[in-house]
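Notes follow the structure.
Each reported figure results from applying straightforward, stated rules to the coordinates on display, with no laboratory input. These figures come from a predicted structure and were not determined experimentally. Here the Cβ positions follow ideal geometry from the backbone for every residue, glycine too, while neighbour counts run over all protein chains shown.
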2 protein chains.
Amino acid sequence: MGLLSTEQKNLALTSLAVLLREKSAVLMEANSKDLEEQKGVLPMPLFQRLKLDNLKIEALVEGCHDLIQLPDPVGKILLSHPLQPNLLLERVSVPLGVLAVIFESRPDVIPQILALSLKSGNSVILKAGREARNTVGAFRELIDELSKRCEFLPNQWCLVLDSREEVRELLEMDDLIDLVIPRGSNEMVREIQKSTHIPVMGHAEGVCHMYIHSPCDIKMAVDLAVNAKAQYPSACNALETLLIDVGISEIFLPHFADVAELVGIQLRGCEESRRILPQIERAIEEDWRAEYGDLRLAIRVVSGLNDAITHINEYGSHHTDSIVTSDKAAAEIFLSAVDSACVFHNVSTRFADGFRFGFGAEVGISTSKLHARGPVGLDGLVSYKYKLRGGGHTVS
Amino acid sequence: MGLLSTEQKNLALTSLAVLLREKSAVLMEANSKDLEEQKGVLPMPLFQRLKLDNLKIEALVEGCHDLIQLPDPVGKILLSHPLQPNLLLERVSVPLGVLAVIFESRPDVIPQILALSLKSGNSVILKAGREARNTVGAFRELIDELSKRCEFLPNQWCLVLDSREEVRELLEMDDLIDLVIPRGSNEMVREIQKSTHIPVMGHAEGVCHMYIHSPCDIKMAVDLAVNAKAQYPSACNALETLLIDVGISEIFLPHFADVAELVGIQLRGCEESRRILPQIERAIEEDWRAEYGDLRLAIRVVSGLNDAITHINEYGSHHTDSIVTSDKAAAEIFLSAVDSACVFHNVSTRFADGFRFGFGAEVGISTSKLHARGPVGLDGLVSYKYKLRGGGHTVS
């Protein structure tokens, strides 16, 4: 796979897009069998994600076309450094090798990952759940057809598995698999992280914070907090805990509570915030670590910048945290001292996203500090190697 | 540690260099106690590495001065990208956080790692073996003095442990330690890789290859193979298996065998090479995976380029592999298809080294494909974060 040319990879992406449209009726028929079998069996959120429709297929086709437009992440010269006369060192980007993608329910992950793997020159093992077995079967036929049409693709460049037993075996193949990408619930990601020595790309949790510092523009602060919490509460970059500087809490909290009530945000707070807003629920220790994924929001009054930073580094998940302030010096301290993949000043946490960051394709959001951190684009699917070309150079 | 300025970090490095000279007598006295206690107890190679002398201390002082000259790896703007008017995205390098360095015998690892940690803004936990406990004690006092002289260093920026029980506990602290760096035998590295979910930087093995392709300059090929094997046989980038194209084996092998004998290289070969050189030992399957670390060398005649690439990807350790040929097209295929951190053309494998690559400081050589691969300089000790500065930007 690493030897494919950019043209070959883009040709395969074109073929994939064409096949998705050609086979859309077959795919949706197989999918409706899965939906029938799983009705009342699968929990509602998973059931909804199982569904494949024309809209999703068209989005996948568009995704292929977008990837064709992106520069090839492989073969980039990252460093070029002459060591001696006629001895040139180059650092060149190369595919990681073999990706293993493990996911529940959402069968549209298959073509999405296929497309990313093709563009980045990686082989891929896709491990779907049994609940999507008919759809997976239809995708397997699509992949066979794709391999036929693109004879330059190596044998077994892509495997699709669907039995539960295979996961454990996969996770033990340290020497064959270079990266595991889980796509599913927090529990699933945590479970996979705990049970393998292969690097795992992703994040189990998104406990994101916003800190309202004094001085700040109160209206901006209210807007940002409401947007971060309520615009799409189940996203991993949605706000879970709001911290408020004690110097501004008396003014900010009543304003915020009014707007929060209007949009349905349910507050639970510390003692000091409940003194100002007696109507709200009491927050307990677990609330500071909670990823609600809904309209609940924990709020806490803090004594200032350092207190806020300490809280975030202690209770957060190192995903995305934002400060709202008109004090630039305080903002810079926050951006440096908060140990998270994304740190924002006067911006909603919802901006933490590969597409919004302009990466063109998102592989996932990583809270690991090694390799790719934060929103990960195609660059997260490549490594590099050193090429050294000489004329008989020995060391003495 | 991540908030220290470049000036503060360089000041700490200067103080470390001064203290190493000031305390050299104390350090060597403590070290001689360890040597006395371990005489006849510790295996010879470990015993030799336990010794600290004036030469080593001066090299450490020089290492500090070299690091001062290097650019700060923290705070580099790696990407700057306006997303909307007044909304600027930056990717900025930051320290990894907490390093855990586990080593046997060699107490000079302590100041070396201290210096790298200071420059890269990382906290560090050093876990030494009991065999160096007196020397470690003297270093602990040196560190206390360093912390006193550099009051800007945060509390407990560096911990030095020396009991064996603590290793297991350390390796379980996934949430507190960001990177484990082992410095010791292959067995030790493998053991650590197997027993932790924390990323481990390093390599267990260096099974490096050289492939003599036809056509090539025979004299150059002999020189390169001898240099790669014999210049420093115990190095991880020394040659372990030599592959020879069947089209050139009849000419190359007799020449090579003559020179090999002169410098003491002991050959063991496949059937075909023994047909040409009947005097050499027979190689068995294990020889193709062996890291001898001495003057033994496995040789195999292969049918051509593809056969050589297949052998290397199957039996090698993905460390460093070199092709010798005058055919540039063949060389390019080798450089692309061999899946190793370092791939060379007409260069001795011994060049795979951070200092020779011009990185100025070497943290180690990594055979992992994620994060840092190959010889790793200071850049391997940093991660990055995304800073996004706006003016109240919400998502819709």
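Listing for the model above:
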read-out	value
Exceeding the 21 Å Cα-Cα cut-off - candidates A:Lys369/B:Lys387; A:Lys56/B:Lys385; A:Lys387/B:Lys369; A:Lys9/A:Lys33; A:Lys76/A:Lys387	A:Lys56/B:Lys385; A:Lys9/A:Lys33
Within-9-Å neighbourhood charge of B:Gly184 [Cβ basis; K, R +1; D, E -1]	0
Label point 7 Å beyond Cα along the C-beta direction, distances from A:Leu159 to other copies (nm, shortest first)	4.1
Within a Gaussian network of chain B (alpha carbon springs, distance under 10 Å), most fluctuating of B:Ile276, B:Ile68, B:Ile143	B:Ile276
Helical mean residue ellipticity (222 nm; -39500 (n - 2.57) per DSSP H run of 4+; nearest 500) of the protein assembly as shown	-12000 deg cm²/dmol
Cα-centre dipole for region B:1-134 with unit charges at Cβ (Lys and Arg positive, Asp and Glu negative), debye to 20	260
From the C-alpha gyration tensor of the protein assembly as shown, square roots of 5λ in Å	48, 38, 22
For B:Thr241, B:Thr310, order by how many other beta-carbon atoms lie within 10 Å, fewest first	B:Thr310, B:Thr241
Listed pairs B:Lys23/B:Lys194; B:Lys194/B:Lys229; A:Lys119/B:Lys119 exceeding 32 Å between Cα atoms	B:Lys23/B:Lys194; A:Lys119/B:Lys119
All-pairs alpha carbon distance profile, region A:248-396, 5 Å steps from 0, percent	2, 8, 13, 16, 17, 14, 9, 6, 4, 3, 2, 2, 1, 1, 1, 0
Reciprocal of mean inverse Cα separation for region B:216-269 (Kirkwood radius, Å)	11.5
Principal-axis tilt of helix A:305-315 within chain A, Cα atoms, nearest 10 degrees	50
Three-way shape label, region B:83-201, alpha-carbon gyration tensor, a/c 1.5	oblate
Viscosity 1.306 mPa s, 10 °C: Kirkwood-radius Stokes-Einstein D of region A:69-135 over Cα pairs, µm²/s	109
For A:Glu7, inter-copy label distances in nm, listed shortest first [label point 7 Å out on the Cα-Cβ vector]	5.7
Gaussian network model of chain B, Cα within-10 Å springs - most flexible of B:Asp178, B:Asp245, B:Asp258	B:Asp258
Positive minus negative residues near B:Ile333 (Lys, Arg vs Asp, Glu; Cβ under 15 Å)	-2
Distances in nm from A:Val246 to the matching label points in the other copies, shortest first (labels 7 Å along Cα to Cβ)	8.3
For residues of B:232-243, the mean tally of beta carbons on other chains within 10 Å	0
At R0 = 35 Å, FRET efficiency that the Cβ-Cβ distance of A:Glu261 and B:Leu79 yields, to 0.05	0.30
Dipole-positive endmost among A:Leu242, A:Ala257, A:Gly206 within region A:201-262 (Cβ charges, Cα centre)	A:Gly206
Axis proximity, chain B to A: residue whose C-beta lies nearest, plus whole-Å distance	B:His371, 2
Cβ neighbours within 10 Å from other chains - mean over A:87-93	3
Alpha-carbon radius of gyration plus Dmax, which is the widest Cα pair, for region A:1-141 in Å	18.9, 71
Projected area, mean over directions - chain B, Cα convex hull, nm²	24.1
Dipole of the protein assembly as shown, positive direction: furthest Cα of A:Gln193, B:Val222, A:Asn134, with charges on the beta-carbon	B:Val222
Formal net charge of residues neighbouring A:Pro233 (Cβ-Cβ distance under 12 Å; K, R +1; D, E -1)	0
Max mean-square fluctuation residue, GNM over chain A, Cα-Cα springs under 10 Å, options A:His65, A:His203, A:His318	A:His65
